[in-house]
Amino acid sequence: MSDIHATAVIGEGARLGERVKIGPFCIVGDDVELGDDVELMAHVVLDGRTQIGPRTKIHPFASLGQPPQHLKYAGEPSRLVVGADCIIREYVTMSPGTAFGGMETVVGDNCYFMVSTHVAHDCHIGNHVLFTNGATIAGHCNIGDYVILSGFAGLHQWVRIGKYAFVGGMTGVENDVIPFGSVLGNRAVLGGLNIVGLKRHGFDREDIHTLRQAYRLLFSNEGTLMERVEDVAAMFSEHPLVMDIVDFIRADSDRSLCTPRTGRGG
């Protein structure tokens, strides 16, 4: 049985799971779907074709599913999908997709969005991602699993952040960040591997050592980047973590690659 405060406004078409809690002055639109055990604390606004996964908790004054901030958006029936077990803190905003980007914005499971963070239209966010206060991503960004965006970091549209990467505070990211990478600055430069994150997530010493070897080869000053990528792919073809980086670099992208300040990118 759901627990809905008397001051909440629930659209007639809204679909509520079991044991949903909706606090004072919340507004839930007609096309919103809430999974089991979702909690809206107070003054939360959910609109549009928005789906919230089980056990996700949304704090006061968050606004999810309002029309995307895109000048060409014409009311197309796009969606916002948020996964299970997420925590969404005060003043967080998330936009649905557009016809120019696949029609949906997707957020994975077990993500934590701190105060005043923003997820723009057509973004895809993996699992266990952390947005620290004020972190903002523009449209069409793709964020891998276990990524951390530090306070007031900002991402240009179409940027990809590989899994387990770390983006430092107040960093402006306009280029793709490799898996396991660590970037800082405005504009961001690649500072190395996210060694602290790798250790915290239980990667063993041998894997970390191999990643460091591959990293040094990828961003050396010999040849072009793509030549070095092919060399690394041949040398570490049996190492899946290194190949994650190789595949990421090889993939099609609208952005360039974030490289070290002394790297040659190519």
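For the residues Val20, Val129, Val44, a GNM of the chain with alpha-carbon springs under 10 Å puts the largest fluctuation on Val20.
Spacing of the modelled spin labels on Lys21 and Thr7, each 7 Å from Cα toward Cβ, amounts to 1.7 nm. Pairwise Cα distances in the chain exceed 28 Å in 39 percent of cases. Sequence-ordered 3J(HN,Hα) estimates for the range 64-77 from the Karplus curve with 6.51, -1.76 and 1.60 and θ = phi - 60° stand at 10, x, 5, x, x, 7, 9, 5, 9, 5, 10, x, 4, x Hz, glycine and proline given as x. Rg/Rh, computed from the Cα trace of the range 1-151 with Rh as the Kirkwood radius, has the value 0.95. Working from the Cα coordinates of the range 199-250, the gyration tensor eigenvalues give, after taking √(5λ), semi-axes of 20, 11, 9 Å in decreasing order. When peptides 244-255, 46-57, 2-13 are ranked by their average number of other Cβ atoms within 10 Å per residue, the highest-first order is 46-57, 244-255, 2-13. Under a 5 Å amide H cut-off, with hydrogens placed 1.01 Å from N, Gly181 pairs with Ala165, Phe166, Asn194 among residues at least 5 apart or on other chains. For the peptides 216-222, 151-157, residues were scored by their other Cβ atoms within 10 Å and the scores averaged per peptide; the highest-first order is 151-157, 216-222. Taking 0.36 nm per residue of separation and subtracting the current Cα-Cα distance, fully stretching the chain between Asn133 and Phe152 would add 6.2 nm. The packing ranking, built from the mean of other Cβ atoms within 10 Å per residue, places the peptides 186-192, 138-144 in the order 138-144, 186-192, highest first.
Among Tyr73, Tyr164, Tyr91, the largest mean-square fluctuation in a Gaussian network model of the chain (Cα springs under 10 Å) belongs to Tyr73. Of Leu130, Leu257, Leu80, the sequence from fewest to most neighbouring Cβ atoms within 10 angstrom is Leu130, Leu257, Leu80.
Each value in this text was obtained by applying a stated rule to the coordinates, not by laboratory testing. Since the model is a prediction, treat every value here as computed from it, not as a measurement. Here the Cβ is made from the backbone with ideal geometry for all residues, glycine too, and neighbour counts use every protein chain on show.
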